[in-house]
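Every number here is computed from the coordinates shown, using simple stated rules; none is lab data. All values reported here derive from a predicted model rather than from experimental measurement.
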Amino acid sequence: MTSDISSERRGTTLWVTFNRPEARNAMTFAMYTELARLCDEMPTDGSIRAMVVSGAGGKAFAAGTDMTQFRAFETAQDALDYEAEIDRVLTAVDRCPVPTVAAINGACTGGGASIAAACDIRIASDALKFGFPIARTLGNCLNARNLARLSELMGAGRVREMIFTARLMGADEAKAAGLISEILPDEDALMARAGELADQLAGMAPLTLRATKEAMRRNRAMLAVEDSDLIAMCYMSRDFKHGLESFLNKTKPEWSGT
């Protein structure tokens, strides 16, 4: 368990908060593990009927993975293990037996955007900035299942354009794309609406919701492909090491394609 994620039961809703505001809630490996644990251990006795996920500090839902952790990567297996763990965590969110609501305020990028995409419903404040700027920053890649999940939500063409251009999507575009269902004017209104939505979901037939979630997950799982060569190519490249240090040192990377 880590103090960088807090969880609190209010009525029949579990409120989960990423709590590293000094780092814009960038996800540590321990935070990913704790999120998966909360989903894996979610009771199915009716005591909890919904889960709301948000970020503390007023500026970010979660601004990706804490990149300092990548400095420890030495072999292709390190990268493969990391992406396998990310897939395990996102699958745990996918398989959470209660409906999950991502209440997104501010930056929602990289790993944070992947978590939001794995939730069942996404609502956001007008301050939303959503995307995967890795082609501009690190030079790594998303695993194939992660890309399939995003493509299911937004369409493959839009996902490809967003990643290729490294741009961040605002709230209006995200709603038009079907990524989020509602835009709220500020964080207070967002969290109030998340509570209302959780209460509404609590009144629905739990098995209907659970069966729908699992059937849709299984549909996507059938499209799984081999991507270990692509992960190794990116994470073991000179570009990735250079991009990582450039990002941490706040300098612009010069890509070589090697």
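Region 208-239 and region 49-110 have their alpha-carbon centroids 14 Å apart.
Amide H contacts for Thr65 (H built 1.01 Å from N in the peptide plane; partners 5 or more residues away or on another chain; cut-off under 5 Å): Met27, Gly111, Gly112. A cut-off of 5 Å between modelled amide H atoms, ignoring neighbours fewer than 5 places along the same chain, links Lys129 with Gly106, Ala107, Cys108.
Specify whether the C-alpha gyration tensor of region 87-136 places it in the rounded, prolate or oblate class, a ≥ b ≥ c being the square roots of the eigenvalues: rounded for a/c under 1.5, otherwise prolate if a/b is larger than b/c and oblate if not. Can you show the working numbers first?
On the way: a/c = 3.88, a/b = 1.30, b/c = 2.98.
The shape class here is oblate.
Rounded, prolate or oblate: which fits region 1-87, taking a ≥ b ≥ c as square roots of the Cα gyration tensor eigenvalues, rounded meaning a/c under 1.5, else prolate when a/b beats b/c? Can you show the working numbers first?
Working: a/c = 3.22, a/b = 1.55, b/c = 2.07.
Taking the square roots of the gyration eigenvalues as a ≥ b ≥ c, region 1-87 is oblate.
Under 10 Å, Cα contacts only: if you run a Gaussian network model on the chain, which one of Leu147, Leu179, Leu207 comes out with the highest mean-square fluctuation? Fluctuation is largest for Leu207. Here is how the number arises for the chain: DSSP H runs of 4 or more residues each give -39500 (n - 2.57), the sum is divided by the residue count, and the result at 222 nm is -14000 deg cm²/dmol. Taking amide H as placed 1.01 Å from N in the peptide plane, the amide H of Leu14 sits under 5 Å from that of Arg49, Ala50, Met51, Val52, each at least 5 places away or on another chain.
Seen through its C-alpha gyration tensor, with square-root eigenvalues sorted a ≥ b ≥ c, region 184-240 comes out oblate because a/c lies at 1.5 or above while a/b is not bigger than b/c. With the chain treated as a Gaussian network of Cα nodes joined by springs under 10 Å, which of Thr137, Thr109, Thr68 yields the largest mean-square fluctuation? It is Thr68.
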